[in-house]
Amino acid sequence: MRLTRYRPRLWAVVAFAAVAGLTTTTLGAQADAPGGQARTVLAAAAVEDDGADCAVPSPGPSPSQSLLPDPFTRIDGTRISDRSDWRCRRAEIRELAERTVYGQKPERPDSVTGTVSRTGITVNVTEQGRSASFSASVDLPSGTGPFPAVVVLGGLGADTATIKASGAAVVSFDPYAVGREGTPRSSKQGAFYSLYGGSSSTGLLMAWSWGVSRIIDVIEQSGGSVLRADATGVTGCSRFGKGAFVAGAFDQRVALTMPIESGTGGVPAFRSVAGESGSQPLSSAYGEQPWLGDAFGSYTGNPASLPVDTHEIVAMVAPRGLLIMENPHVDWLAARSGSVAALGGAEVYQALGARANISYVSDVQSGTHCAVRPEWRTPLQQSIATFLRGSGQAPGVFRIAASKRGDLAAWRNWQTPVLTDDGGGTGGSGGDTGGDTGGDTGGDTGGDTGGDTGGGDPGGVCAASYRAVGSWSGGYQGEVTVRNTGGAALSGWAVTLTLPGGQSLDNLWNGQPSGTSGSVTVRNAAWNGTLAPGGTTTFGFVVAGGATPPGGLACTGG
C-alpha cells in the first residue's frame, strides 16, 4: 500500500509574525522573554505538516553517539542559523523519527469525510479503494460556542472537568478503533491497518496520531459551527500519553499537546532510559505492544545508534503549546529521562523565541498513576486559555521533582544558537532553559517585578538583568540574563546578587553559586561561559523564604 506523504498539494498560508518561516497564527506577543527576545504566543499551523515540501537528503548510516543529537545540526552537518531554517530542519527530524522510531505517517488519504455534532464526530476515510470509519464523542462546556476542543485519548488524560471549566470541549477518542493492542506486528488491526495493511511497519502510536489528524480534518470541514478548527488540543495518560505526544508532534494543527506520565516510548529520552534505574527498558516497551514502529526493534539494545532522540520530538512541537506532566513516584515511568528530553527540547523553544510555550511539571505529591493532580490544574488552565482561547499568558514553568531531576549538561555537547530572522546566526548561548522550579505555579509568569533589573561590569564587558518567572506563598522563581556588552568574545562571567534577609537559594541551574543566602556570586557553568559580542545566556533559580526579588545585581567578566 502507498504510504508516501509527499503528494503535490497547495494550501493557504496563514500570516505569521515573530517566528519567521513558521506557518502559524499569532495570538499575541509579550516582550519579556529570556535574553530580551520577544515571547510570542502562537496558535496552531494551518497545515498538518508545513515542511512537506522540504527536500530531505538521505541520512545514510548513523554514527553511534552516546549523547543527545544536536537538534540544530542538519543531516548534511551544517547548523541552522535563522529561525526560518527550523521548518526544514524539523522535516529532517520527522523523516528520521519515522524511519527509526515510529514508522511512517501517511499523507492525508484520498478522501476524508464526516460529521460534527454537539454530541459526536464521525470519520469516514477512503484510500486507494479501501475504506474505514471510526467515531468520537463530544462533550461541550457551557456557552454557545463554537468551542476549542481537546482530544482525549482512551478516556485518560488531563482533567476533563478542568478542560470544560476552562471553556474547551472534550472529544473522547478510542485509539483502539484505529490501532488495536494485543495484535502481532505482522497482523495489526484497526482502521489504519484496514487501509495500509496489517503488516505495515508503522506502530500503534503513529496510527493513533493519524486518527487524531483525521478527526481534525473533519472538524476543519464542518464549518466551525460547533468546534473551532484552529484551536485543537490533545492529551492522554500512560500509553495514551505516548499517543498524545506523537499526535502533537506530527500534526502542526494541534495547538496544545499535553502528554501525561507517558513513560518509555513517550517523552523520556531513549539514551537516558537505558541507564535510569527501575525504568521500563526499551526492549520491554517495544515488546509489550506494537506501539513503536517495527524498525525500532534494532535499536532497543543500542539507543546510541539512533539518529534522533525524544528531545527532538519535543522540539517538533515548537513553537506550539506543550505541557508535559510526569509522575516521579513510579520508577517504571522514567521521569528523570523525561526531564532530560523536556530540557533538551526547551532549547529549541528558546532559540525560536517561544520559551514560555513549553512547560513541564513532575513535582507532585500523589504517586497514583494517571490521577488528577492539583499541581497540574493551574498550568492546565493557563495553557488552555493561551493556546486554545487566545487569552492570558503561557505558564512557561519547569517544576521538576528533586528525586527525578535530569541533568541536560551530562547529555549534550552542543550549544544553543541565537537564531536570527535575516539569514545569519550568532554563536550559542549554551544554557539549559529549564529546571526544578518547585512550589505553586500561580502568580506572575513574566516581566520584571521589582529589585535590580540590571547591573554592568565597570570594565564594560557584560551586563546582567533579572526577570521574575513565577511567585507563590513563601518563594519565587527568577531568571538572570547575562549579555556580553564588550567588543570581544567573553570567556567567563560572574554575577553577584543579594537575597533579602530570611531568603535562601533552594535550587539553581546553568550556573555555579557560591553561598545560598545574603550576597551570592554565580559563575558560569562549563558550557555557557563563552559568549560572542552581543551574545546572551541565562541562569535560573528558586528562592525560599519570601517573594521580594534580589538586589545588588552586577556582572563582571573573567
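The values are calculated or read from the model by the stated rules, or taken from the named source; none is laboratory data. Please read all numbers here as calculations on a predicted model, not as lab measurements. Glycine also receives a Cβ, built like all others from the backbone with ideal geometry; neighbour counts cover every protein chain displayed.
Screening G321, G396 for residues that are within 17 Å of the chain's Cα centre (by Cα), surrounded by 24 or more Cβ atoms within 10 Å (Cβ to Cβ), at pLDDT 95 or above and under 23 Å from W86 (Cα atoms) leaves exactly one candidate, G321.
Residue-wise test of (1) within 20 Å of S137 (Cβ to Cβ); (2) surrounded by fewer than 22 Cβ atoms within 10 Å (Cβ to Cβ); (3) of a type in the set (A, V, I, L, M).
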site	(1), (2), (3)
Q221	yes, yes, no
V226	yes, yes, yes
G266	no, no, no
S272	no, no, no
F296	no, no, no
V314	no, no, yes
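When S201 is tested against the conditions (1) over 29 Å from L323 (Cα atoms); (2) in contact (Cβ under 8 Å) with a residue 40 or more places away in the chain; (3) not in a loop (DSSP other than H, G, I, E, B), the lone failure is (3).
Where helices (runs of 4 or more DSSP H) sit wholly within segment 226-330, those with at least 1 residues that are among the β-branched types (V, I, T) and touching a strand residue (DSSP E or B) at 6+ places or on another chain (Cβ under 8 Å) occupy 310-317.
Within segment 348-368, residues that are within 18 Å of S383 (Cβ to Cβ) and in the same structural domain as P319 (by TED's automatic domain parsing) have Cβ atoms under 7 Å from residues that are in a loop (DSSP other than H, G, I, E, B) and among the basic types (K, R) in these pairs: N357/R320; V364/R373, counting only partners at least 6 apart in sequence or on another chain. Scan segment 469-517 for residues that are of a type in the set (G, A, S) and part of a strand (DSSP E or B) and the total you get is 8.
Return the only residue of D110, D85 being among the charged types (D, E, K, R) and either surrounded by fewer than 20 Cβ atoms within 10 Å (Cβ to Cβ) or within 28 Å of R130 (Cα to Cα) (or both). None of the others qualify; the one that does is D110.
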